[in-house]
Amino acid sequence: MKLLKYVLPFVMATCGFTASLSAAAFGTETEAREKDETAVTEFMKTKRAITMAEKGGNMMISGEVKAEWDHRRSKTAGKNQRGRGSSNLEPPERPHAPYGTNEFTTEVNLMLDYRSDRTWGAIRFQFSNPAGIVEREHKPGYDHRDILWGSGKLSDIVMRKAYMGYNILEQGASRLDIEIGRRRLYDVFDSQVQFYNMADGIVLKYGNSWEGIFDLSAKGEVFVVDYTVNHFAWVGQIGFLDIANTGFDLEYSLITWHKDGVNRYNHHDALGSRFAISQYTTSYTLSPDLIRYKTRLYGAILHNHLARRRHNCHSHDRKVDDAWYLGVIVGEIKKKNDWSVDARYEWVQAQAVPETDVNGIGRDNPRRISMYNERKQGYANYKGYIFDTFYAVTDNLTVEAMFSRVHQETKRIGHKHRSYTFELATIYAF
């Protein structure tokens, strides 16, 4: 033990000296990468040792706890997609497990935001688990009929948001920022029927204001779709806000998903990526002199410029590439006893929005089958309405009640479809 007392410091010093040798001396890419990671790790350690006051910025921590009940009913091509008998639908997600008409979910969101003079960062972790006792493993070949089964899971954790930003310039009313990282498209761009997908990319934001004329907002992003085949997409949006101090806004956005070349299955010009969508959005905030509660009317028209006739979902030699929505929001949630109601009608054709990017009501598709494999499935090709209401019980606790109902936009694509959802949720924000 005495010998170890004197040998150990010598060994540690030797290891430290060895680790400091240059990566070139080893001549391997792996060692060079490890050295770079060590340098970053040491840099991060120095940041952890600094107090909030010394960092010279503001750290904000917030979160929310949500308990949700959804009651869903849907029927496609004359077959119930949920409830008794749905376990026999092909292909089932899990053998012999029906798709519930009632879904219960517990969700937690944890948000961290830090801002200094010209830089900022934001992180959001989302934990969303189905309710119930923990789900057991299904083993093929075993008799499971008498086992106590559960629907609960412990693993649904998502890095919902993670990005950093830098203010490139700020002069008078004009400002130019750049942000790099992850978030959903609808966190940056405005739409009620598209922009649902996650976007890992680079965002440029420009804003300016001309008093009495309008406020200008311009945004653009390039993001990764599938890096295994170098598939990237881009989106841009320009907005003229509060035109002539009337409360009238006008926005235009263009997003393109198309890839020239082959996808990961060596298929050229895949139909699922043939989308270049223009959206024209308008909204009007009524003057407080006209109505007591804050009220905003809004709507948009969308068109996909790359849709083809004779689509593999059997469009009967016609394009189905348009969408629109119209809605109104009354009220605003800020404190106890505040309330808000959002009522909206949506009309979305099958080729108007990529099926993975549908952000509106959508068709209920519990088996998550693409319309490119089974034309009566998918998430677009619908029309319907939604009522979403909120009431603040306290400054922190809000109750949400939502009802939506849709049916197919056309029976010639995907047969008949009917679905509705009632949702009741409690949200505690802190």
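Please treat every number below as a calculation from the coordinates, not as lab data. The model shown is predicted, which means the values in this text are computed figures rather than measured ones. When we count neighbours, we look across all protein chains shown, and the Cβ atoms used for this are built from the backbone with ideal geometry, even at glycine.
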TODO: With only alpha-carbon atoms counted, please give the Rg and Dmax of the stretch 273-382, in Å.
DONE: 17.6, 55
Open item on the list: Between LEU216 and THR106, what is the label-point separation in nm under the 7 Å Cα-to-beta-carbon projection?
Closed with: 5.1
Task: Rg ratio (alpha-carbon, reference 2.2 N^0.38 Å) - the stretch 129-204 - done: 1.93
Open item on the list: Please compute the length gained on full extension between TYR280 and ARG308, using 0.36 nm multiplied by the number of residues separating them and subtracting their Cα-Cα distance.
Closed with: 7.9 nm
TODO: List every residue whose amide H lies under 5 Å from the amide H of GLN194, counting only residues 5 or more places away in sequence or on a different chain, with H placed 1.01 Å from N in the peptide plane.
DONE: ASN359
Open item on the list: List the residues, sorted by chain then number, that are 5 or more residues from GLY83 or on another chain and whose placed amide H is less than 5 Å from its amide H.
Closed with: TYR99, GLY100, THR101
TODO: Starting from 0 in steps of 10 Å, tell me what percent of the Cα-Cα pairs of the stretch 57-429 lands in each bin.
DONE: 5, 18, 29, 30, 14, 4, 1, 0
Task: Net lengthening on full extension, GLU332/PHE403 (0.36 nm per residue, minus Cα-Cα) - done: 23.7 nm
- [ ] Compute the FRET efficiency between PHE125 and ARG318 as 1/(1 + (r/R0)^6), taking r as their Cβ-Cβ distance and R0 = 45 Å, and round to the nearest 0.05.
- [x] 0.50
Task: Net lengthening on full extension, GLU135/LEU424 (0.36 nm per residue, minus Cα-Cα) - done: 101.7 nm
TODO: In nm, give the distance between the simple-model label positions of ARG184 and PHE387, each being 7 Å from the Cα along the Cα-to-Cβ direction.
DONE: 2.3
